[in-house]
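**Student:** Sharing a structure with you now.
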Amino acid sequence: MSESPADAPKPATAAEIETSAPPLVPAHHHLLTSLQSMLNLTVVALFFITFSFQPFRIPSASMEPTLLVGDFLLVDKQITHDPPLLPPSSLHRGDVIVFHDPIDHTQHLVKRIIGVPGDRLRLRSGRVVLNGQTLDEPYAVYRGASHNQYRDNFPNAQTPDSDVDANWWIRLRTLVNHGDLVVPPDSFFVLGDNRNDSLDSRFWGFVPRSAVVGRPFLIYLSLRIRDNDPSSEASPTFAPVQPRTTPGLLNFARWNRTLTVVH
């Protein structure tokens, strides 16, 4: 059956074509939308960095082998908020923490909590005796070093050490009870995992809870530090540089440590 002229579709007019076409979006509108998205992401990132997570770099060898010179950490800061922004958590023995240096408050240190408030502790031949029991510390290493009476048999109020803070030395002499040091309220006793190469609570005292910045939970990048790198405070007796496994330009980082959880 043939289509009559009356039934044939009429060609669209110019006005109808203009009405049905999608509206043109100015180029500057796309630019503004992109800038707005970037701004939103920046605000969210700044929020998490300021209130929840913060990056830190390991500058010294005091926490080897747990943390190496050149490790970059993400630190969970929410544990220090009162009230916390996220579900509350607490600090325990064995936790690694970042805190303000008790001597120079502008600097940050990373150590491991050994004693919590109320604990009685001492070191004998470098080993920690906590509340009367020798502490099992699979994370601690005792690399070659000459015997140090103050460091290895702490607390020692008779044998001074050149690295001991003077104020702590005076206070320490009043805190020893039957050979033990008692951790006061709202304070922590911390040590480096690299026991023979760590300036820690033995040398400058307790860490107040208020000085704790957070708890590192992830190594997001680890750069290889050469022996002649001036930013490295590693002892020359054991360099943190590992054998090369990645050829070429990619050898600047320890890729096997990337996204490693800190224990």
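**Student:** Suppose we keep only residues that are surrounded by 13 or more Cβ atoms within 10 Å (Cβ to Cβ) and of a type in the set (D, E, K, R) within the stretch 134-182. Which one would you say is nearest to GLY94 (Cα to Cα)?
**Tutor:** That would be GLU137.
For (1) of a type in the set (Lys, Arg); (2) outside any strand (DSSP E or B); (3) under 14 Å from GLY192 (Cα atoms), each residue gets a yes or a no:
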{"residue": "ILE113", "(1), (2), (3)": "no, no, yes"}
{"residue": "ARG122", "(1), (2), (3)": "yes, no, no"}
{"residue": "ASP136", "(1), (2), (3)": "no, yes, no"}
{"residue": "ALA145", "(1), (2), (3)": "no, yes, no"}
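**Student:** I'd like the residue in the stretch 173-191 that is more than 29 Å from the chain's Cα centre (by Cα) and not in a loop (DSSP other than H, G, I, E, B) and, out of all such residues, is nearest to LYS111 (Cα to Cα).
**Tutor:** Just the residues of the stretch 173-191 that are more than 29 Å from the chain's Cα centre (by Cα), to begin with: 173-180.
Those still in the list that are not in a loop (DSSP other than H, G, I, E, B) too: 176-177, 180.
Values: VAL176: 22, ASN177: 25, ASP180: 21 Å.
Ranking the qualifying residues of the stretch 173-191, first place goes to ASP180.
**Student:** Restricting attention to the stretch 145-171, report how many residues are in contact (Cβ under 8 Å) with a residue 12 or more places away in the chain and of a type in the set (Val, Ile, Thr).
**Tutor:** Adding up the residues that qualify gives 1.
**Student:** So, one more: List pairs: first in the stretch 109-130 and small (Gly, Ala, Ser), second assigned to a strand (DSSP E or B), Cβ under 7 Å, 6+ apart or cross-chain?
**Tutor:** The qualifying pairs are GLY115/LEU121; GLY115/LEU130; GLY115/PHE188; GLY115/PHE189.
**Student:** For the stretch 94-115, what are the residues that are surrounded by fewer than 17 Cβ atoms within 10 Å (Cβ to Cβ) and in contact with a Lys or Arg (Cβ under 9 Å, 6 or more places away or on another chain)?
**Tutor:** Once the filter is applied, which keeps residues that are surrounded by fewer than 17 Cβ atoms within 10 Å (Cβ to Cβ) and in contact with a Lys or Arg (Cβ under 9 Å, 6 or more places away or on another chain), the stretch 94-115 yields only GLY94.
Here, each number is a calculation from the coordinates, and none is a lab measurement. Keep in mind that this is a model prediction, so the values were computed, not measured. All Cβ positions, glycine included, derive from the backbone under ideal geometry; neighbour counts span all protein chains shown.
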